[in-house]
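The values are calculated or read from the model by the stated rules, or taken from the named source; none is laboratory data. Keep in mind that what you see is a predicted model, and the values were worked out from it rather than measured. Positions of Cβ are backbone-derived with ideal geometry, glycine not excepted, and every protein chain shown enters the neighbour counts.
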Amino acid sequence: MFLTRGLIFIIVGVLAGCTSSIDRSYTIEAINDSLMLKYPNPVPVHVVSRSFDVHESNYRERIEILSENLHNISVTIENTGDGLIEDPYIFNSSGYDFRDLSALASKIVKGESDSFLKFIKIHEWFTYYYDKYGSYVNPTYNFDDYRGNPLRLINQNGGSLCGEAVQTACGLLYNVPPKGSMYGRKIQMHGHQTGEVWFDGSWHNFDISPEIRWVYFDYDNKTIIPRWKDLRDDGGTLIKRIKPWTGWDIWYMVEKASCEPFDSITEVGKQWQFRYNLKPQEKITMNFDMKGRTDKVSSDYSFSYLPDHPEECRKPCDYASAVFTYQPDFTSELHRKYIVRESNIKWTSRGIEPVNFNEPSYLVIPSKSTWNIVGADIKASFFTNGNVYFAVTEQIGDTSYSENLKWKLLQEDGIYEKDTTGVEGRMAYWVKFEFSGRGSGLKKATIATEVQMGRYTMPGLKYGINNLRFTAAKMNNSSANITYTWDDQSKYENYEPATSNYGRHIYYRVGGNHIKHWTKPVFYRNIKNDPDGELPIKVEIFKVSGEDAGKRVRLLKDESMKFGTYWWYWDGKDDEGNKCPVGMYSYKVTGEVGEGMWHESNEFGERLYLFDHIWPVPNEIKEQ
């Protein structure tokens with residue numbers, strides 16, 4: 001869904017009458033994460049698929065999911081018609097448009113008029129959609145402010161670096177309606193970067209990095225203390241007091257910090273628009289689990305959190321991918337309209353043939369992508385012998401075709417990576433299918449391009465009634481087939497449905513916390529080595545704002561729990577069954593066995609705001 005892409009390949013040659021074929025396959029950038037092979041994703045228990053056809057540019061579909069053990073596998077959009085489908089997109093039940101920063105910010109804060117609550121919703125939205133994995137962008141990879149681009153970071157890489165998280169949040173904050181009414185800036189800590197947001201005439205502190213998500217209230221427990229300098233000069237009292245509620249604090253980062261602000265962040269660099277078109281017989285399959293191809297050009301994987309694999313690291317355990325597959329029909333001139341150059345070519349009922357087999361023949365089909373490519377697979381079916389060449393542009397963001405491309409001959413079943421032929425981190429590449437001699441020609445070809453993306457920006461299904469919406473800028477009298485595939489008996493997914501329109505869900509991974517990125521690889525090792533393993537888990541809810549701040553109001557869990565990803569539901573009530581007032585709370589999980597960096601800590605928690613209605617609104621509540 002989220003990218004503009006294409007592919008340019010040149011076909012040169014001579015074709016004479018021939019019925020046999022020679023099939024060849026080529027791999028560009030194979031699996032480059034060896035830990036993926038050692039600690040793979042769990043095998044689905046019960047696979048379910050649902051397909052539906054779309055013939056219009058605005059179509060709605062309802063899918064009911066009553067499984068509390070749901071794991072999304074893939075979503076495929078395939079152009080099954082004769083026209084170009086322009087800018088196709090699927091909104092899931094949440095309705096977020098991850099292609100547009102302004103639309104995204106507006107959707108997050110919809111219905112709120114209070115600036116404080118708008119800020120809190122942006123802040124907490126990160127808990128669900130930004131924290132994908134613990135990779136970070138290579139500082140040398142800085143094309144058009146690519147590194148600090150919020151849409152790119154939300155859709156594709158995410159990150160564990162604090163500065164990137166603050167930058168991304170500030171991009172959203174500036175786009176909160178009315179646009180410019182709030183904005184943020186980064187604050188320099190001691191080996192850390194936090195943020196401050198401006199609204200209602202003053203600054204307000206916040207931390208939003210994937211491992212530290214917090215706002216600090218003043219002594220009145222009602223207002224957010226303005227600046228990090230105030231927190232530092234306070235002597236750390238307001239920072240240290242959260243430790244009983246969360247299990248940690250960051251005073252050691254603040255006490256020696258300058259707390260100097262960077263410039264305010266308003267418009268943030270060039271916004272990459274993740275849009276694409278689908279040609280006839282082209283499809284995109286969005287895979288929710290990583291397949292083992294990672295972009296090591298724009299991300300750094302140079303150190304490990306797994307002690308038994310110091311040379312490798314499965315940090316991006318929540319990364320996913322999208323694969324564009326194009327299989328043009330060379331027996332139909334339908335695809336000729338997508339050719340940008342051709343010479344000595346005729347399309348026949350058997351495939352591509354030359355007009356004059358004594359002359360070279362070629363055709364060029366364009367392609368481009370605004371997302372980083374992590375790999376490609378190419379198949380060619382020649383009538384006789386043929387060669388396949390590969391070329392990339394020199395500039396990362398350059399998607400224009402040039403006659404001066406440097407071609408590299410591919411070897412059948414060869415793997416090309418870590419040199420000038422690699423596509424890793426690229427945004428465009430070209431393939432040349434070449435054949436010559438009497439009886440030669442090209443019968444068919446398949447080009448599959450894999451790009452890296454985040455699983456939470458895909459239109460996945462959730463528990464309850466999923467109201468899906470498909471849109472396209474133009475269908476051009478074409479049609480699409482959309483297929484959802486999921487596992488409804490997953491061993492490692494656990495969802496607790498909400499029972500009322502009040503309360504909150506808490507997202508947590510037992511056996512490798514999803515928030516502490518240094519424990520994520522441990523999760524996959526745990527479920528590989530001990531598939532039915534358990535850990536003792538205690539979940540407590542504390543009050544943070546208003547009267548009785550610091551009081552524990554609820555013991556939510558205190559039991560042994562199996563490894564897995566959990567959505568725990570807190571109904572907003574205390575231990576006595578009384579409804580807790582609206583305000584800031586926190587949850588603390590105790591008993592998680594960490595490993596790797598800071599493994600001695602077995603407590604973790606975050607702030608948790610209790611609104612006057614449940615937010616984000618889950619599917620089971622929307623239908624009530």
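In the set (1) over 17 Å from Asp377 (Cβ atoms); (2) in a loop (DSSP other than H, G, I, E, B); (3) of a type in the set (A, V, I, L, M, F, W, C), Met453 fails one condition alone, (2).
Among the residues of segment 531-551, those that are among the charged types (D, E, K, R), part of a strand (DSSP E or B) and within 28 Å of Tyr219 (Cβ to Cβ) comprise Glu540, Lys543.
Does Met290 satisfy the condition of being modelled with pLDDT of 90 or more, within 22 Å of the chain's Cα centre (by Cα) and closer than 30 Å to Ser102 by Cα? Judged against the criteria, Met290 is not a match.
Quick one: Lys462 ticks every box in (1) farther than 21 Å from Tyr569 by Cβ; (2) touching a strand residue (DSSP E or B) at 6+ places or on another chain (Cβ under 8 Å); (3) assigned by TED's automatic domain parsing to the domain that holds Ile28 except a single one, so which number is it? So the condition that Lys462 fails would be (1). Report yes if some residue within segment 233-247 is among the acidic types (Asp, Glu) and under 30 Å from Thr457 (Cα atoms); otherwise report no. No, because not a single residue in segment 233-247 is among the acidic types (Asp, Glu) and under 30 Å from Thr457 (Cα atoms).
Note on segment 524-549: residues that are in contact with a helix residue (DSSP H, G or I) (Cβ under 7 Å, 6 or more places away or on another chain) and surrounded by fewer than 21 Cβ atoms within 10 Å (Cβ to Cβ) total 1. Of all residues in segment 370-388, those that are of a type in the set (A, V, I, L, M, F, W, C), outside any strand (DSSP E or B) and under 28 Å from the mean Cα position of the chain (by Cα) total 1. Just one of the numbered conditions (1) within 21 Å of Gly464 (Cα to Cα); (2) surrounded by fewer than 17 Cβ atoms within 10 Å (Cβ to Cβ) is not true of Tyr502: (2).
When residues in segment 469-485 are screened for being assigned to a strand (DSSP E or B) and surrounded by fewer than 20 Cβ atoms within 10 Å (Cβ to Cβ), 6 of them pass.
Table: residues versus (1) crowded, with 17+ Cβ neighbours inside 10 Å; (2) at pLDDT below 85; (3) within 27 Å of Leu37 (Cβ to Cβ).
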{"site": "Arg314", "(1), (2), (3)": "yes, yes, yes"}
{"site": "Ser343", "(1), (2), (3)": "no, yes, no"}
{"site": "Pro354", "(1), (2), (3)": "yes, no, no"}
{"site": "Asn358", "(1), (2), (3)": "no, no, no"}
{"site": "Ser361", "(1), (2), (3)": "yes, yes, no"}
{"site": "Ser369", "(1), (2), (3)": "yes, yes, yes"}
{"site": "Gly375", "(1), (2), (3)": "yes, no, yes"}
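Residues that are farther than 12 Å from Arg50 by Cβ, in a strand (DSSP E or B) and not charged (D, E, K, R) were ranked within segment 73-86; the one that is nearest to the chain's Cα centre (by Cα) is Ile77.
Of the numbered criteria (1) surrounded by 18 or more Cβ atoms within 10 Å (Cβ to Cβ); (2) not in a loop (DSSP other than H, G, I, E, B), the one Gly512 fails is (2).
Can you find a residue that is touching a residue at least 60 places away in the same chain (Cβ under 8 Å) and in contact with a Ser or Thr (Cβ under 6 Å, 6 or more places away or on another chain) anywhere in segment 391-412? Within segment 391-412 (the criterion being touching a residue at least 60 places away in the same chain (Cβ under 8 Å) and in contact with a Ser or Thr (Cβ under 6 Å, 6 or more places away or on another chain)), the answer is no, since none of the residues qualifies. Looking across Leu151, Leu117, one residue alone is at pLDDT 90 or above and either of a type in the set (Ser, Thr, Tyr) or outside any loop (DSSP other than H, G, I, E, B) (or both). It is Leu117. Scanning segment 182-235 for residues that are surrounded by fewer than 16 Cβ atoms within 10 Å (Cβ to Cβ) and within 28 Å of the chain's Cα centre (by Cα) gives a single hit, Gly191. Within segment 545-572, the residues that satisfy the criterion of being in contact (Cβ under 8 Å) with a residue 60 or more places away in the chain and over 21 Å from Asn494 (Cα atoms) are Ser545, Gly546, Glu547, Ala549, Gly550. Counting residues in segment 451-458 that are in contact with a Ser or Thr (Cβ under 9 Å, 6 or more places away or on another chain), over 26 Å from Tyr59 (Cα atoms) and touching a residue at least 24 places away in the same chain (Cβ under 8 Å) gives one or more. Listed by first and then second residue, the pairs linking a residue in segment 89-110 that is in contact (Cβ under 8 Å) with a residue 40 or more places away in the chain and crowded, with 18+ Cβ neighbours inside 10 Å to a residue that is β-branched (Val, Ile, Thr) and in a loop (DSSP other than H, G, I, E, B), with Cβ atoms under 7 Å apart and 6 or more places separating them unless they lie on different chains, are Ala105/Val176; Val109/Val176.
Per the listing Trp570, Trp615, the residue uniquely at pLDDT 90 or above, among the hydrophobic types (A, V, I, L, M, F, W, C) and in contact with a His (Cβ under 8 Å, 6 or more places away or on another chain) is Trp570. Of all residues in segment 377-387, those being surrounded by fewer than 24 Cβ atoms within 10 Å (Cβ to Cβ) and of a type in the set (A, V, I, L, M) number 1. All conditions but one from (1) buried (at least 22 other Cβ atoms within 10 Å of the Cβ); (2) modelled with pLDDT under 90; (3) more than 26 Å from Ile154 (Cβ to Cβ) apply to Thr457; the one that does not is (3). None of Asp530, Asp548 is on the phi > 0 side of the Ramachandran plot, among the acidic types (Asp, Glu) and modelled with pLDDT under 95 except Asp548.
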